[in-house]
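Notes follow once the structure below has been shown.
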Amino acid sequence: QVQLVESGGGLVQAGGSLRLSCAASGRAFRNYYAMGWFRQAPGKEREFVTAVSGDGSNTMFADSVKGRFTISRDNAKNTVVLQMNSLKPEDTAVYYCVAGNRWTAREKDYNYWGQGTQLTVSS
């Protein structure tokens, strides 16, 4: 079993920054798992945001967040951090931490999901 616990969500003004963290635990967790973030805005389908490979050497981002968001991981602590800069109202969503065997942008490749944390960006 794997548990993913997100933290750091909240309310921020447009143009601001925020950092989301995700801590992984559980006997089934492997630090070679890819980890990442998806998000779901009100009334919209869930979408890929970013993912980092197991060793942290590869990252990928949705076009909508490229140049504004970064992702990093600490395998010693089993954590992944999403740093979000130049936030826009359209970034408002529930953000989900994910982990899985494959480093992809597809939901189906991520076996483990956190409960989600809300980010609200005010204009």
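Please find, within region 97-117, the residue that is farthest from R30 (Cα to Cα) out of those that are among the hydroxyl-bearing types (S, T, Y) and more than 11 Å from the chain's Cα centre (by Cα). Before the answer, list the steps.
Step one: list which residues in region 97-117 are among the hydroxyl-bearing types (S, T, Y), which gives 104, 110, 112, 117.
Right, trim to more than 11 Å from the chain's Cα centre (by Cα) and you get 104, 110, 112.
Values: T104: 17, Y110: 13, Y112: 12 Å.
Applying the filter and picking the extreme gives T104.
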Tell me which of these W37 doesn't satisfy, since it passes every other one: (1) open to solvent by 30 Å² or more (accessible area, probe 1.4 Å); (2) closer than 19 Å to Q115 by Cα; (3) touching a strand residue (DSSP E or B) at 6+ places or on another chain (Cβ under 6 Å). (1)
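Does at least one position in region 94-115 carry a residue that is hydrophobic (A, V, I, L, M, F, W, C), modelled with pLDDT under 95 and over 25 Å from G10 (Cβ atoms)? Spell out the reasoning first.
Pass one, region 94-115, residues hydrophobic (A, V, I, L, M, F, W, C): 94, 97-99, 103, 105, 113.
Of the ones still in play, those that are also modelled with pLDDT under 95 are none.
No, region 94-115 contains no residue that is hydrophobic (A, V, I, L, M, F, W, C), modelled with pLDDT under 95 and over 25 Å from G10 (Cβ atoms).
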Against the conditions (1) under 14 Å from V2 (Cα atoms); (2) modelled with pLDDT of 95 or more; (3) open to solvent by 70 Å² or more (accessible area, probe 1.4 Å), where does S57 fall short? Just the number, please. (1)
Scan of region 79-89 for residues that are part of a strand (DSSP E or B) and either touching a Phe, Trp or Tyr at 6+ places or on another chain (Cβ under 9 Å) or open to solvent by 50 Å² or more (accessible area, probe 1.4 Å) (or both), ordered by number: V80, L82, Q83, M84
Every listed condition ((1) without any contact (Cβ under 8 Å) to a residue 40 or more places away in the chain; (2) closer than 20 Å to T120 by Cα; (3) open to solvent by 40 Å² or more (accessible area, probe 1.4 Å)) holds for A76 save (2)
Here's a check for you: in region 92-123, which residue that is out of contact with any Phe, Trp or Tyr (no Cβ under 9 Å at 6 or more places or on another chain) and within 13 Å of G16 (Cα to Cα) is surrounded by the fewest Cβ atoms within 10 Å (Cβ to Cβ)? S123
When both residues are 6+ apart or on different chains and their Cβ atoms are under 7 Å apart, which pairs have a first residue that lies in region 2-20 and is under 9 Å from L119 (Cβ atoms) and modelled with pLDDT of 95 or more, and a second that is open to solvent by less than 40 Å² (accessible area, probe 1.4 Å) and in a loop (DSSP other than H, G, I, E, B)? V12/L87; L18/G8; L18/L87; L20/G8; L20/G9
I need the full set of residues from region 1-33 which are over 19 Å from K66 (Cα atoms), buried (at least 19 other Cβ atoms within 10 Å of the Cβ) and of a type outside the set (D, E), in order please. L4, C22, A24, Y33
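The values are calculated or read from the model by the stated rules, or taken from the named source; none is laboratory data. Note that the structure is predicted; figures quoted are calculated from it, not measured. Note that we place each Cβ from the backbone using ideal geometry, even for glycine, and neighbour counts take in every protein chain shown. Surface accessibility is based on the protein's heavy atoms, side chains included, excluding ligands, DNA and RNA. Shrake-Rupley method; radii C 1.70, N 1.55, O 1.52, S 1.80 Å.
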